[in-house]
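Here's the structure we're looking at; comments come further down.
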Amino acid sequence: MEREEWDFIAVGSGGGALCAAMVLGRAGKRVLVLEKEPLLGGTTALSGGVMWIPNNRFMREEGVPDSREQALAYLDATVGDHPDLPAASRARREAYVDAAPRMVDFLVEQGVTLRRIPSWPDYQDAPGASIPGRTVVSTLYDLNRLGPWKEKLRPGFLPLPANLDEAMQLPLFKRSWQGKKVLLKVVGRTLLSRLRGRHLATAGQALVAQLLRKALDAGAEVRTGTPVEELVEEGGRITGVVARVDGRAVRLRARLGVLLNAGGFARNQAVRDRWLPGTKASWSATAPGDTGEMILEAARHGALLGQLDEFVGNPTTELPGATTPPAMQGDLAKPHSLVVDQSGARFMKEAASYTDICKAILQRNRTVPAIPCYLIMDARYLDTYMLAGTMPGRNKPKTWFEQGVLVAADSLEALAAKLGLPPERLVATVERFNRFCRQGRDEDFGRGSFAYDEWLGDPLHEPSHTLGAVEQPPFFAMRIYPGDVSTHGGVVTDEWGRVVREDGGPIPGLYATGVTCASVFGRASVGAGSNIGPALTWAWRAAHHALGDT
Ligand SMILES: Cc1cc2nc3c(=O)[nH]c(=O)nc-3n(C[C@H](O)[C@H](O)[C@H](O)COP(=O)(O)OP(=O)(O)OC[C@H]3O[C@@H](n4cnc5c(N)ncnc54)[C@H](O)[C@@H]3O)c2cc1C
């Protein structure tokens, strides 16, 4: 078998791999990043690219209060200590809170341009929560700075050169001056950047592009279309990998270590059936390479696995002909709508985090059929808000109605009959919900009682951005499924990102990051960026450990 010698090998090309490549490359080490897909960046490139970084430099610069203690209090309250969740231990949480802001400092020092989003509340109403939020994102980035690598980068989910906070205001352009201002700004920027020969990217694609540029500048070698098939173990240490290069198996030695940044298993139905039964790969918005083989390969070498039933949710629907399941969390948070199960009852706070919503659906489905559940909307909703990525208005694609994706009726009774729900139950549920809307307090699930509930609602709807009665006919219903943007369980790692065995000891030479690992946040959905923040942070820690810099 052909052989190559490297100092460090990263499997997969998420943000963590590129961050580690920057650290090791800057230290003069020979780093190889192997990506099996023809395009780089995995789900990270497709994503918002938001990182949850407590106590970060941008908060300090902007006078937003936070501290190590406040962040740990929040994680203690939301994640807590559970003997069956070693990846979310107090020691790991502390390591994260200490390392994440330092990782961001490192990126900034290397010339990666980042910023915080002014308002993105933490997801849980718990001690230590930050209401302005702890998010850090990439600024817009000119892809032309990648030269020929531009063609190898996975496209992002937002084709416009708009920052995420701007993108969230765009749907308001017909209804508010602020929305119009943002639209003009984005249109102006688009035209100007074209005139200047720039190709501006945003969100996760911009983050990956910046990291890729810096990793290449640091001397890292990056190969696409190169799947890793095996880890090589010698005397109890992982010493390299076997990868497929042009149809040949090649043994690649890694003197200092191997970092698994190979994503989760969201696209592998067989593995999902085992650990996330009742969910479908087709509801996942992840990149196609998210098939989990490196988690299984690490397990074959004795890695402890954890939190395999965890996932990062994404309430979605099945649209005819769609290649990517639409993200519908924002749709569920808008006024003049509520969600019911197949008995016609409400069962959750519709304005919760994407993960909490999907977990509530799966949980409910154990006792009452709730897959699909139904988003019930009135005419005002359809007239005012986007639905499953379409512009406001009742004129939805004919196939939606033909295939029962969207159902319309002149009364709630008739809607219930069409959906096969008990009509009296649906009417009673909606009447109760409408009473809560009128009194401004959701007695059943507390919708609207916390800053985050309001955040994805309608900022122009008063007094609540999320509570609005469902009362104007015709009524509509759309099926909702518990989709995902990632699985969130995998190999268990320690405070240095080292993969550990059943006995808690590390497997020498093997590191992991991103959603290949069990999350440091355990079963909690803490805030925006709780995948990519840790992905980069643990990789940064692992790179330092591999350098002996601990
Ligand atoms: C639309 C959308 C928006 C999102 N927004 C956010 C957000 O703002 N913040 C956040 O924290 N999370 C967000 N998420 C979730 C987040 O994107 C993912 O959880 C995260 O990017 C996973 O990163 P990763 O580095 O673990 O894996 P990835 O970025 O998926 O990278 C893994 C790579 O490994 C490659 N690979 C797999 N197996 C092999 C192999 N055997 N050999 C070689 N290569 C291999 C894969 O092809 C892939 O390219 C979002 C997701 C979506 C879909």
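The values are calculated or read from the model by the stated rules, or taken from the named source; none is laboratory data. Source: prediction; values computed, not measured. Note: ideal-geometry Cβ built from the backbone for every residue, glycine included; neighbour counts use all protein chains shown.
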Residues satisfying the stated conditions in the stretch 296-325, i.e. modelled with pLDDT of 95 or more and either among the charged types (D, E, K, R) or near the ligand (Cβ under 9 Å from one of its atoms) (or both): Glu297, Arg300, Asp309, Glu310, Val312, Asn314, Glu318
Residue match in the stretch 33-51 (condition: more than 14 Å from the ligand (Cβ to nearest atom) and either surrounded by 24 or more Cβ atoms within 10 Å (Cβ to Cβ) or under 19 Å from the mean Cα position of the chain (by Cα) (or both)): no
Test result for Glu4, surrounded by fewer than 22 Cβ atoms within 10 Å (Cβ to Cβ) and either under 19 Å from His488 (Cβ atoms) or within 16 Å of the ligand (Cβ to nearest atom) (or both): yes
Failed condition for Arg272, given (1) touching a Phe, Trp or Tyr at 6+ places or on another chain (Cβ under 8 Å); (2) within 15 Å of Arg498 (Cα to Cα); (3) away from the ligand (no atom under 13 Å from the Cβ): (2)
Selection count where residues are farther than 21 Å from Trp52 by Cβ, buried (at least 16 other Cβ atoms within 10 Å of the Cβ) and not basic (Lys, Arg), scope the stretch 144-159: 3
Residue match in the stretch 65-72 (condition: at pLDDT 95 or above, aliphatic (A, V, I, L, M) and more than 11 Å from the ligand (Cβ to nearest atom)): yes
Enumeration of residues in the stretch 157-202 that are in contact with a strand residue (DSSP E or B) (Cβ under 7 Å, 6 or more places away or on another chain) and within 16 Å of the ligand (Cβ to nearest atom): Leu164, Ala201
Enumeration of residues in the stretch 365-379 that are touching a residue at least 60 places away in the same chain (Cβ under 8 Å) and not β-branched (Val, Ile, Thr): Asn365, Pro372, Cys373, Tyr374, Leu375, Met377, Asp378, Ala379
Every pair of residues 6+ apart whose Cβ atoms lie under 6 Å, when the first sits in the stretch 282-300 and is closer than 23 Å to Leu231 by Cβ while the second is among the aromatic types (Phe, Trp, Tyr) and more than 6 Å from the ligand (Cβ to nearest atom): Gly292/Phe265
Boolean, Ala220 is under 20 Å from the mean Cα position of the chain (by Cα) and of a type outside the set (Phe, Trp, Tyr): no
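Yes or no, residue by residue, for (1) in a loop (DSSP other than H, G, I, E, B); (2) buried (at least 24 other Cβ atoms within 10 Å of the Cβ):
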| residue | (1), (2) |
| --- | --- |
| Ala206 | no, yes |
| Lys214 | no, no |
| Glu229 | no, no |
| Gly264 | yes, yes |
| Ala287 | yes, no |
Set Leu382, Leu406, Leu362: member being touching a helix residue (DSSP H, G or I) at 6+ places or on another chain (Cβ under 9 Å) and touching a residue at least 12 places away in the same chain (Cβ under 8 Å): Leu406
Residue within the stretch 127-143 that is over 24 Å from Leu46 (Cβ atoms), crowded, with 20+ Cβ neighbours inside 10 Å and among the aliphatic types (A, V, I, L, M) present: yes
Sole exception among (1) within 21 Å of Thr324 (Cβ to Cβ); (2) surrounded by 15 or more Cβ atoms within 10 Å (Cβ to Cβ); (3) not β-branched (Val, Ile, Thr) for Leu183, by number: (1)
Count of the stretch 345-372 residues which are outside any loop (DSSP other than H, G, I, E, B) and out of contact with any Pro (no Cβ under 9 Å at 6 or more places or on another chain): 4
Gly15 at positive phi and either near the ligand (Cβ under 6 Å from one of its atoms) or within 22 Å of the chain's Cα centre (by Cα) (or both): no
Some residue of the stretch 29-46 being touching a residue at least 40 places away in the same chain (Cβ under 8 Å), closer than 18 Å to Met103 by Cβ, part of a loop (DSSP other than H, G, I, E, B) and small (Gly, Ala, Ser): no
Only listed residue being assigned to a strand (DSSP E or B), within 11 Å of the ligand (Cβ to nearest atom) and touching a residue at least 24 places away in the same chain (Cβ under 8 Å), chosen from Val250, Val242: Val242
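Can you find a residue that is under 17 Å from Glu233 (Cβ atoms), surrounded by fewer than 24 Cβ atoms within 10 Å (Cβ to Cβ) and at pLDDT below 95 anywhere in the stretch 482-504? Break it down stepwise before answering.
Of all residues in the stretch 482-504, those under 17 Å from Glu233 (Cβ atoms) come to 491, 498-503.
In the following step, the residues that additionally are surrounded by fewer than 24 Cβ atoms within 10 Å (Cβ to Cβ) were identified as 498, 500-503.
From what is left, the residues that are at pLDDT below 95 are 502-503.
Yes: the stretch 482-504 contains one or more residues that are under 17 Å from Glu233 (Cβ atoms), surrounded by fewer than 24 Cβ atoms within 10 Å (Cβ to Cβ) and at pLDDT below 95.
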Residues of the stretch 295-344 that turn out to be in a loop (DSSP other than H, G, I, E, B) and surrounded by fewer than 22 Cβ atoms within 10 Å (Cβ to Cβ), as a count: 16
Test: residue in the stretch 83-91 that is free of Cβ contacts under 8 Å to residues at least 40 places away in the same chain, of a type in the set (Lys, Arg), outside any loop (DSSP other than H, G, I, E, B) and within 27 Å of Leu510 (Cα to Cα): yes
Elements of type strands (runs of 3 or more DSSP E) contained in the stretch 435-550, each with 3 or more residues being over 25 Å from Ile53 (Cβ atoms) and within 16 Å of the ligand (Cβ to nearest atom): 475-487
